[in-house]
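To start, the structure itself, in structure tokens.
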Amino acid sequence: MKEVSTHQKTISLKQRRAVALAATVCVIVIFWYLWRRESSRLGAPAFFTGFTLLAGLVILALLGARRRLPMLPLGKVSTWTQIHLYVGFFTTAIYIMHVPAIVAGGMFEAFLSLVFLMVTASGFYGLYASRTLPKKLTAVETQHRFDRLDWGRNQIAAMAEQTYSELTEPSAREVLQTFYQRALSPFFISRPSLAYVIVPSGTRRRKLLGDLKELDRYLESDGRRVAGKLAALVRRRDDLDYQFALQLRLRCWVVFHSILSIVLLAAALIHMLIALRFAG
């Protein structure tokens, strides 16, 4: 029964998205028809699409603010996120009708066009990220809050140092000492590199675990026990860095998209005032 209910819920969600997308396309077609009719009558289609575009940007800004205030009793944030998505799709279509070229001529107009395109591109990236990154984050065994990641990193480094100090066999310490000081200790005490944050991969994890495995043949039981615990800590630290990279990417996207949206709205208002002045 539970599986049937989940299946029905999934179908219902897909149906709602299909209906919302179809409704958005219908509205775009209606506005395209009005824009064509205004153009054929030698009216002012630029004013029609321009004010529609500005209204869309204002609505998007309000929707974005709502999404970042989940404590307000105004419905589910997921619903507002979907509305934000479809209004963004509609606004992009109106922009294409409004401009004579994708990047308008003139210094200020070109700047405005580029900012709009950057906001649009970051919005589509946000759609992609919201569909893929949460699945990647939940695939990691242990979940960590972003503000606790530094603390978790320090805890793992302390545990690695304590684990290494448990070596009692002189031969095992001799085998592991060089590798620990050269590779493991820097790995545990340092933050992940910029290259890893941009493109997180399992390369360094596989290398460290492979090198530890190679040392097994030179170790006795006590050394292998310690090496096994160090390998487990390498996995934990790599999972932690993976979560850090993905969560930081999401946070950077939110800041980037929000700042660009504010700049775009301000520039659009200035553009409207300039257009009205020249029209009057």
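The values are calculated or read from the model by the stated rules, or taken from the named source; none is laboratory data. Just so it is clear, the model here is predicted, and its values are computed rather than measured. FYI the Cβ positions are ideal-geometry reconstructions off the backbone, even for glycines, and counts take in every protein chain you see.
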For segment 217-232, what are the residues that are at pLDDT 85 or above and either surrounded by fewer than 20 Cβ atoms within 10 Å (Cβ to Cβ) or β-branched (Val, Ile, Thr) (or both)? ARG224, ARG225, VAL226, GLY228, LYS229, ALA231, ALA232
Answer yes if at least one residue in segment 235-255 is acidic (Asp, Glu) and loosely packed, with under 11 Cβ neighbours inside 10 Å, and no otherwise. no
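One line per residue, one yes/no per condition, for (1) at pLDDT 75 or above; (2) surrounded by 15 or more Cβ atoms within 10 Å (Cβ to Cβ); (3) not aromatic (Phe, Trp, Tyr):
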residue	(1), (2), (3)
PHE146	yes, no, no
TRP151	yes, no, no
ILE156	yes, yes, yes
TYR164	yes, yes, no
SER171	yes, no, yes
Residue check, SER185 within 16 Å of the chain's Cα centre (by Cα) and either in the same structural domain as ALA231 (by TED's automatic domain parsing) or surrounded by 13 or more Cβ atoms within 10 Å (Cβ to Cβ) (or both): no
Would you confirm whether any residue within segment 109-123 is surrounded by fewer than 15 Cβ atoms within 10 Å (Cβ to Cβ) and of a type outside the set (A, V, I, L, M)? no
Name the residue, out of VAL140, VAL115, that is assigned by TED's automatic domain parsing to the domain that holds LEU60 and in contact (Cβ under 8 Å) with a residue 60 or more places away in the chain. VAL115
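Please specify each residue of segment 219-244 satisfying the condition of being among the polar types (S, T, N, Q) and under 16 Å from ARG191 (Cβ atoms).
To start, the set of residues in segment 219-244 that are among the polar types (S, T, N, Q) comprises 221, 243.
Matches in segment 219-244: GLN243 only.
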Matching residues in segment 256-280 - criterion: being aromatic (Phe, Trp, Tyr) and surrounded by 12 or more Cβ atoms within 10 Å (Cβ to Cβ): PHE256
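Would you mind stating whether ARG206 is in a helix (DSSP H, G or I), modelled with pLDDT of 90 or more, out of contact with any Asp or Glu (no Cβ under 9 Å at 6 or more places or on another chain) and closer than 21 Å to LEU246 by Cα? Explain how you work it out, then say what you get.
Values: in a helix (DSSP H, G or I): yes; modelled with pLDDT of 90 or more: yes; out of contact with any Asp or Glu (no Cβ under 9 Å at 6 or more places or on another chain): yes; closer than 21 Å to LEU246 by Cα: yes.
Spelling it out, ARG206 is indeed in a helix (DSSP H, G or I), modelled with pLDDT of 90 or more, out of contact with any Asp or Glu (no Cβ under 9 Å at 6 or more places or on another chain) and closer than 21 Å to LEU246 by Cα.
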